[in-house]
Every structure is written in structure tokens, then in C-alpha cells.
1. Quick one: which of Lys237, Lys279, Lys198, Lys206 is buried (at least 19 other Cβ atoms within 10 Å of the Cβ), charged (D, E, K, R), assigned to a strand (DSSP E or B) and modelled with pLDDT of 95 or more?
2. Just to be sure before I move on: is Thr296 surrounded by fewer than 21 Cβ atoms within 10 Å (Cβ to Cβ), under 14 Å from the mean Cα position of the chain (by Cα), among the β-branched types (Val, Ile, Thr) and more than 28 Å from Glu37 (Cβ to Cβ) in the structure I sent?
3. Quick check: anything in the stretch 43-52 over 15 Å from Leu391 (Cβ atoms) and touching a Phe, Trp or Tyr at 6+ places or on another chain (Cβ under 9 Å)?
4. Looking at Lys325, Lys320, which one is open to solvent by 70 Å² or more (accessible area, probe 1.4 Å), over 21 Å from Thr82 (Cβ atoms) and touching a helix residue (DSSP H, G or I) at 6+ places or on another chain (Cβ under 7 Å)?
5. Checking the conditions here, which among Glu43, Glu37 is under 25 Å from the mean Cα position of the chain (by Cα) and at pLDDT 95 or above?
6. Look at Glu4 and say whether it is acidic (Asp, Glu), modelled with pLDDT under 95 and open to solvent by 20 Å² or more (accessible area, probe 1.4 Å).
7. With the requirement that a residue be open to solvent by less than 60 Å² (accessible area, probe 1.4 Å) and either touching a His at 6+ places or on another chain (Cβ under 7 Å) or assigned to a strand (DSSP E or B) (or both), what does the stretch 151-167 give you?
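The values are calculated or read from the model by the stated rules, or taken from the named source; none is laboratory data. Worth saying up front: this structure is predicted, and the values here are computed from it rather than measured. Every residue, glycine among them, receives a Cβ derived from its backbone with ideal geometry; neighbour counts consider all protein chains shown. Heads up: the accessible areas ignore ligands, DNA and RNA and are worked out on the full protein's heavy atoms, side chains in. Shrake-Rupley method; radii C 1.70, N 1.55, O 1.52, S 1.80 Å.
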Amino acid sequence: AQSEANRLRQLALSQALAFQSLQATNDKQLAALLACESYLLSEANGGNTQDPELYSALYENLKKMDTGFQPIIIQARKEVKTIAFDNEGKSIAVLCIDGSLSRYSSTEYSLQKTLQIPGNNMMLNTGYLCQHGKLAIAAYEDHSILFYDSEKQIVSPRLTGHRGLVRDAAFSHDESLFATGGRDSTVIVWSQNAALQKYPFETRIKSLGMSNDKNTLAVGTEDGKMYLQHIPSSSKKLIGNNGPARIQSGTYSTNGNFLGFGSSDGKIHLYNHKGDLVKILTDNTNSVDFIAIDETLNVLVSVSGNRSIYVYNLANLALKPIVIKDINRQVLALTLSPDGKVFVACADNAIRQFDLKTEHLSTLLLNEITRNFTTEEWNTYIGSNEPYKKLKPELQ
């Protein structure tokens with residue numbers, strides 16, 4: 001009991017230090033020391049190291065300490081339509097409005113190569129990439145689409161079938177199928193450059209996701225309804241209705257265990273792969289325009305209409321989300337890197353990166369610290385009952 005009481009006291013101290021680090025505006029070094037000590041106390045005592053206040057303490061102090069710190073890492077040539085990582089996380093694929101598909105290094109963010117989707121000189125209305133960025137769909141104002149394999153550099157004939165603008169697309173994991181949904185209230189499943197199936201809906205399609213076994217489509221519509229469309233049998237199942245709010249975004253998780261829908265009223269409906277409701281997330285009141293879900297990283301990430309990123313702990317959805325408000329432009333695309341970073345493309349043609357892991361932020365911030373606590377500071381903030389220790393033993 002005494003041990004548990006001490007552990008809880010240390011976690012309470014961790015929370016207090018995170019708060020105090022954000023108040024110590026006159027001494028950057030002290031603020032950074034408090035933030036790092038807060039992280040170490042949480043880690044050592046089994047706390048939630050992804051706590052929103054702890055994340056904020058580390059992130060805000062890193063911005064103050066590192067004069068070169070900025071979220072913008074890539075300035076694209078044109079308006080970005082979508083972004084994706086390759087399967088090893090070594091490069092970032094960027095599809096722009098002019099039909100250019102560029103790859104950038106995921107470490108140095110330098111341009112590696114640029115390809116041009118052939119076959120159409122018009123600007124893209126919308127564009128989509130498969131999970132690893134190899135396959136692209138370019139959708140145009142005349143409702144036609146082109147399917148492009150960037151590895152083989154092969155483009156499809158112009159594909160027609162929609163009578164309205166395409167509003168979302170989804171790829172199968174084995175890359176043999178893809179689906180498109182549009183303002184014509186129709187979903188089309190394509191295979192080998194031909195329409196395999198067409199599924200009519202009552203209202204316009206806003207979001208699409210395809211299950212890992214490529215048997216099911218998760219479909220979100222403008223009237224707030226969420227469906228599971230079975231591809232082989234053509235049957236559909238209504239799994240939720242958030243009307244009159246519109247569905248704005250939707251996706252399956254990386255490993256296919258979850259699917260989520262974001263609505264114009266800020267709600268996120270999270271389901272398991274069978275369509276059973278797991279939880280409705282209501283922390284945000286702005287339109288949820290983008291969603292990404294990754295079981296390996298244990299995160300559900302959304303971007304709202306007020307340009308804020310919400311990061312939920314997928315393993316414990318009862319915890320408050322981390323909220324990142326460091327975006328000053330409209331967000332146009334969202335993706336997650338394998339090592340736990342969120343990348344967003346914005347209306348200024350820039351791609352911004354935000355590290356979601358407090359472990360990484362703590363290490364970066366510790367590198368910026370050039371002194372240890374004084375004895376007086378330690379006694380004031382940590383307490384004289386705690387044995388003094390240096391965060392950086394190599395410093396005097």
C-alpha cells in the first residue's frame with residue numbers, strides 16, 4: 001500500500017511539473033528541465049506517457065528551445081491532393097493537382113524523383129494513393145478517372161462510369177481492386193481497368209474504405225449514414241446514422257480491425273471490422289475532415305475543420321486525446337508514418353510533420369538542455385524529500 005501511494009504521488013508530481021513547465025516562461029532551460037523530469041517520472045511510475053498535458057509540455061518547450069524547429073518539412077510544387085508512405089517508411093509519395101507524383105526522402109525530405117501521370121493534361125479534381133503510395137487514382141472534372149502504377153509507369157485508359165465528381169477512393173491490400181464513390185450517389189468497384197460492380201446509394205458518397213479481405217466496403221454518405229457494402233453478394237448493411245450531420249471522412253485501420261467515420265458535427269464513430277460500434281468520440285465540435293487509424297501505433301488520428309489534430313489512444317479510448325493546434329492553413333491530406341509521426345498537407349502547398357511520441361520529444365528536448373536543476377530549483381519544484389539527481393550527469 002505504501003509503495004502504491006508513493007507511485008501515485010510521483011504521478012501527481014509528474015502532472016504538476018508538466019503544468020509548471022508551461023508557466024516558466026522567463027527561463028527556457030528551467031521549463032525544459034521541468035518537462036523532461038515530468039516525462040521521466042511518468043515513465044518510471046507506470047503513468048500515461050502520452051498524456052495530453054505532458055505532450056503539450058514537451059512539444060511547446062521544444063519549440064522554444066530549438067530555434068530551427070518548425071513543422072514544415074516539404075514545400076510541394078503545386079497544391080497537394082494526397083500523400084502516402086512506402087511500405088518501409090523510407091519515402092513519402094506526394095500527388096499534386098497537376099498530376100505530378102513526387103517521392104521525397106522520409107529522413108532528409110529531399111526530392112528523389114517526380115513522375116507525371118500521362119494521358120490527361122487537365123488539372124486533377126481529386127487524387128488518391130494506395131496505402132504505400134505505389135498506385136494512384138487521378139479524378140477529373142469531367143467525372144473520368146485514370147489509374148496509374150508508378151512502379152511500372154503504366155496508366156489505364158480513361159475510365160468512365162460516374163455521372164458526378166469522384167469524392168473518395170479505396171484500394172484493396174493486394175492492389176487487385178479499387179473502388180470510387182461520387183456525387184452521383186454511386187460506388188464503383190474496378191478491376192483490370194473495367195467496372196466490376198456498381199452500387200447505388202440514396203445520397204452522395206463522401207467516404208470509402210476497403211476491408212483487408214477485399215470483400216467489404218465501408219461507405220459514408222452525405223445524409224450521415226454509414227454502411228457496410230458486401231462486394232461479392234452486393235448486399236449492404238446500415239451500421240449507423242448520424243444524420244442530419246454529414247459524413248466527412250472514413251477509413252479502415254491499417255490492419256483492418258477497425259473502421260472509423262468522421263462527421264460534420266465533430267463526432268467520430270468507431271466500429272470493429274464486423275460493424276459493431278466500439279465508441280462514439282465527442283471531444284471535438286468541428287467537422288472531422290480526415291481520419292487515420294493504426295493498431296501498431298495504437299492511435300486514431302483525426303483532423304478537424306478548425307485545423308486541429310486530435311490523437312486518441314486506441315488501446316484506451318477513455319483517455320483524453322492529445323490536441324495539436326500548430327496548423328495555420330486548411331488541411332488537404334493526412335497520413336501516418338510507421339514510426340509514429342503524422343503528416344498533413346495544407347493549402348499553402350506545404351507538408352507538415354508532427355511527432356506523436358512523447359519519448360521522441362523528450363529525447364529531442366533533452367538534447368537542447370545545457371544545465372541541470374540547481375539545488376534551490378530542485379527543492380522548490382521536486383521537493384527536498386526527494387534525493388537530488390542530475391538529468392544530464394555529464395554536465396556540472
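1. Working: Lys237 fails: buried (at least 19 other Cβ atoms within 10 Å of the Cβ); Lys279 fails: buried (at least 19 other Cβ atoms within 10 Å of the Cβ); Lys198 fails: buried (at least 19 other Cβ atoms within 10 Å of the Cβ).
Step by step, each of Lys237, Lys279, Lys198, Lys206 is checked, and only Lys206 is buried (at least 19 other Cβ atoms within 10 Å of the Cβ), charged (D, E, K, R), assigned to a strand (DSSP E or B) and modelled with pLDDT of 95 or more.
2. Working: surrounded by fewer than 21 Cβ atoms within 10 Å (Cβ to Cβ): yes; under 14 Å from the mean Cα position of the chain (by Cα): yes; among the β-branched types (Val, Ile, Thr): yes; more than 28 Å from Glu37 (Cβ to Cβ): yes.
Yes; evaluated as a whole, the condition is true for this residue.
3. Going through the stretch 43-52, the residues over 15 Å from Leu391 (Cβ atoms) turn out to be 45-52.
Those still in the list that are touching a Phe, Trp or Tyr at 6+ places or on another chain (Cβ under 9 Å) too: 49.
Yes, the stretch 43-52 has at least one match.
4. Values: Lys325 fails: touching a helix residue (DSSP H, G or I) at 6+ places or on another chain (Cβ under 7 Å).
The conditions single out Lys320.
5. Exactly one of Glu43, Glu37 is under 25 Å from the mean Cα position of the chain (by Cα) and at pLDDT 95 or above, namely Glu43.
6. Working: acidic (Asp, Glu): yes; modelled with pLDDT under 95: yes; open to solvent by 20 Å² or more (accessible area, probe 1.4 Å): yes.
It is true that Glu4 is acidic (Asp, Glu), modelled with pLDDT under 95 and open to solvent by 20 Å² or more (accessible area, probe 1.4 Å).
7. Within the stretch 151-167, the first condition is being open to solvent by less than 60 Å² (accessible area, probe 1.4 Å), and the residues that meet it are 155-156, 159, 161-162, 164-166.
Val155, Leu159, His162, Gly164, Leu165, Val166, listed by residue number.
Residue-by-condition table, conditions (1) closer than 22 Å to Glu88 by Cβ; (2) among the β-branched types (Val, Ile, Thr):
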| position | (1), (2) |
| --- | --- |
| Gly275 | no, no |
| Ile293 | yes, yes |
| Leu297 | yes, no |
| Ser308 | no, no |
| Asn316 | no, no |
| Ser337 | yes, no |
| Ala345 | yes, no |
| Glu359 | yes, no |
